[in-house]
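Q: Here's a structure for you.
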Amino acid sequence: MFYYLNIFFLISILGHIIENIVYVHVDSGILYGYWTPIYGIGSLIILLINYLLDKLKINKKLKPFFLFLISALSLCLLEFIGGYLIEILFGRIFWNYEDQALNIGKYTSVTMGLIWGLASLLLIYIVMPILNKIIKKIPKWITIILVILFVIDIVFTFINIGN
């Protein structure tokens, strides 16, 4: 469990950092802390898909294709649901793809699906082998502190809805 929590926090923080570098003038995420949970959730979905593909004993040559395709579809759905929920709960729109070709409404697009598919391959084949070395060295007490801070952040975010 601590392993997956650490992945969630590391990818949420890395996603927040990357998004703030790429989109300098855009607010990344709905929480106060320096994390964007949709990236952490997405990474856990990709890991689950990878695990299921391994359990199904998919041909090693075909596995990257299926990982790409299923992750692209799953993360587009996550992005759509996340965007919709953020607008309903917080009255804000953090991303809008209506001006993109091949958009699927304002919350996702075919282009983003391709990006998420590529990101899933990067995560599994490049990032995770590196992060695994870091994750295994993170003491449990740090993870517990992060969980507490994350819960506090969520509570304060929901308390301040509409303020």
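Q: Based on this model, can you work out whether Leu14 counts as of a type in the set (A, V, I, L, M, F, W, C), within 13 Å of the chain's Cα centre (by Cα) and within 30 Å of Ile138 (Cβ to Cβ)?
A: So Leu14 passes the test.
Q: Now, a different point. Report whether or not Leu14 is at pLDDT 95 or above, aliphatic (A, V, I, L, M) and in contact with a helix residue (DSSP H, G or I) (Cβ under 9 Å, 6 or more places away or on another chain).
A: Taking the combined requirement at face value, the residue does not satisfy it.
Q: Mind listing whichever residues of the range 128-140 are in a helix (DSSP H, G or I) and without any contact (Cβ under 8 Å) to a residue 60 or more places away in the chain?
A: Pro129, Ile130, Asn132, Lys133
Q: Among the numbered criteria (1) of a type in the set (Ser, Thr, Tyr); (2) buried (at least 17 other Cβ atoms within 10 Å of the Cβ); (3) farther than 23 Å from Ile152 by Cβ, which one does Tyr125 miss?
A: (2)
Q: I'd like to check something: does the range 88-104 contain any residue that is more than 20 Å from the chain's Cα centre (by Cα), under 24 Å from Tyr51 (Cβ atoms) and among the charged types (D, E, K, R)?
A: No, because not a single residue in the range 88-104 is more than 20 Å from the chain's Cα centre (by Cα), under 24 Å from Tyr51 (Cβ atoms) and among the charged types (D, E, K, R).
Q: When the residues of the range 49-63 are filtered to those that are among the aliphatic types (A, V, I, L, M) and more than 15 Å from the chain's Cα centre (by Cα), which remaining residue is surrounded by the most Cβ atoms within 10 Å (Cβ to Cβ)?
A: Checking each candidate, the answer is Leu53.
Q: Also: Mind listing just one residue for me: the one in the range 97-120 that is under 25 Å from Phe9 (Cβ atoms) and surrounded by fewer than 18 Cβ atoms within 10 Å (Cβ to Cβ) and, of those, modelled with the lowest pLDDT? Step through it out loud before you land on a result.
A: If we filter the range 97-120 for residues that are under 25 Å from Phe9 (Cβ atoms), which is where we start, we get 107-108, 112, 115-120.
This time we only want the ones that are surrounded by fewer than 18 Cβ atoms within 10 Å (Cβ to Cβ), so: 115, 118.
Values: Ile115: 92, Leu118: 97.
Here the answer is Ile115.
Q: Right, another one. Here are some residues: Ile115, Ile93, Ile30, Ile88. Which one is without any contact (Cβ under 8 Å) to a residue 24 or more places away in the chain and in a loop (DSSP other than H, G, I, E, B)?
A: Details: Ile115 fails: in a loop (DSSP other than H, G, I, E, B); Ile30 fails: without any contact (Cβ under 8 Å) to a residue 24 or more places away in the chain; Ile88 fails: in a loop (DSSP other than H, G, I, E, B).
Exactly one residue qualifies, and that residue is Ile93.
Q: While we're on this one: Please verify whether the range 64-80 includes one or more residues that are exposed (fewer than 14 other Cβ atoms within 10 Å of the Cβ) and of a type in the set (Val, Ile, Thr).
A: no
Q: Picking from Thr157, Thr143, which residue would you name as being assigned to a helix (DSSP H, G or I) and at pLDDT below 95?
A: Result of the check over Thr157, Thr143: Thr157.
Q: Here is a further query. Looking at Tyr23 and the list (1) surrounded by fewer than 18 Cβ atoms within 10 Å (Cβ to Cβ); (2) aromatic (Phe, Trp, Tyr); (3) at pLDDT 90 or above, which single condition is not satisfied?
A: (3)
Q: So is Ile115 within 28 Å of Tyr32 (Cβ to Cβ), out of contact with any helix residue (DSSP H, G or I) (no Cβ under 8 Å at 6 or more places or on another chain) and β-branched (Val, Ile, Thr) or not?
A: Against the criterion (within 28 Å of Tyr32 (Cβ to Cβ), out of contact with any helix residue (DSSP H, G or I) (no Cβ under 8 Å at 6 or more places or on another chain) and β-branched (Val, Ile, Thr)), Ile115 qualifies.
Q: So, in the range 119-136, how many residues would count as being touching a helix residue (DSSP H, G or I) at 6+ places or on another chain (Cβ under 7 Å) and closer than 15 Å to Asn50 by Cα?
A: Count: 4.
Q: For residues in the range 34-48 being surrounded by 21 or more Cβ atoms within 10 Å (Cβ to Cβ) and either in contact (Cβ under 8 Å) with a residue 60 or more places away in the chain or not hydrophobic (A, V, I, L, M, F, W, C) (or both), which is nearest to Leu77 (Cα to Cα)?
A: Gly42
The values are calculated or read from the model by the stated rules, or taken from the named source; none is laboratory data. The shown structure was predicted, so the numbers you read here are calculated from the model rather than taken from an experiment. Note that each Cβ is placed from the backbone with ideal geometry, even for glycine, and that neighbours are counted across all protein chains shown.
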